[in-house]
Amino acid sequence: MNSNTFSTVQKNLEARGYRVQCFSKAEDAVHYLDRTLDGQTIGFGGSMTLEEIGLYEALAPHNTVYWHQRIPEGQTCQQVRLSANAAPFYISSVNGLAETGEMINIDGNCNRVASIFYGHTKVYLIIGINKLAKDYESALYRARHVAAPRNAQRVGAKTPCAISGDRCYDCQSPDRICRGLSVLWGKPMTGEFEILLIQEELGY
């Protein structure tokens, strides 16, 4: 992404009501959140971006962090998801970001898309340059035909997209992971939203 495109995306997101921070490296974004969030209760959405940047390991020592990708002994995945959804702060990513500012997510359990929409004091969305698409239609295509097959492969789903890895087949498999689609056309009326744009490829 060149600097002009980065600036355009930031401007379009800000026009839709979001606060936007730009970082050249993921580690800078991690340091920023590590300084900003201290002694807080934080929920994480399912995200390979968060996994890759080591955000849980940075925040968990001095915050209470709930993430179903790190289930404490004695708790269930469902319990951790519910605790994450009830946390004042929530951090996740997106499957597609249009240069025009729309953000798209596809979810299986739909805890992530539900939590991004409503219920937190503040939501942070961490987005690498690989999530960027030219417009809404391209961002939707990316979410369905790029991110979803890769996530299906990651969880070992027995779906046509996981087997072929090339596109969504709109299957009716019991293993189907794309069960809910969310589009943020603008910042929801309640709660703060901060978008962290990173000039690195992160997640799916």
Return the total of residues in region 1-45 being touching a helix residue (DSSP H, G or I) at 6+ places or on another chain (Cβ under 6 Å) and part of a helix (DSSP H, G or I). 3
Is it fair to say residue 146 is among the β-branched types (Val, Ile, Thr), without any contact (Cβ under 8 Å) to a residue 60 or more places away in the chain, closer than 27 Å to residue 190 by Cα and in a helix (DSSP H, G or I)? no
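For residue 158, indicate whether it is farther than 24 Å from residue 18 by Cβ, part of a loop (DSSP other than H, G, I, E, B) and among the basic types (Lys, Arg).
Judged against the criteria, residue 158 is a match.
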For the structure I just gave you, tell me whether residue 34 is surrounded by 15 or more Cβ atoms within 10 Å (Cβ to Cβ) and under 14 Å from the mean Cα position of the chain (by Cα). no
Please state which of the following conditions residue 88 fails to meet, knowing it meets all the rest: (1) in contact with a His (Cβ under 7 Å, 6 or more places away or on another chain); (2) surrounded by 16 or more Cβ atoms within 10 Å (Cβ to Cβ). (2)
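Filter region 162-204 down to the residues that are in a strand (DSSP E or B), among the aliphatic types (A, V, I, L, M) and buried (at least 18 other Cβ atoms within 10 Å of the Cβ) and list them by number.
At the first step, the residues of region 162-204 found to be in a strand (DSSP E or B) are 180-184, 192-198.
Among the residues that remain, those that are also among the aliphatic types (A, V, I, L, M) are: 181, 183-184, 195-198.
Hits for region 162-204 are 184, 195, 196, 197, 198.
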Given the criteria of a type in the set (Val, Ile, Thr) and in contact (Cβ under 8 Å) with a residue 40 or more places away in the chain, does residue 76 qualify? no
Of all residues in region 96-135 being among the polar types (S, T, N, Q) and under 18 Å from residue 196 (Cβ atoms), the one that is surrounded by the most Cβ atoms within 10 Å (Cβ to Cβ): 105
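Every number here is computed from the coordinates shown, using simple stated rules; none is lab data. Keep in mind the model is a prediction, meaning the values are calculated, not measured. Here the Cβ is made from the backbone with ideal geometry for all residues, glycine too, and neighbour counts use every protein chain on show.
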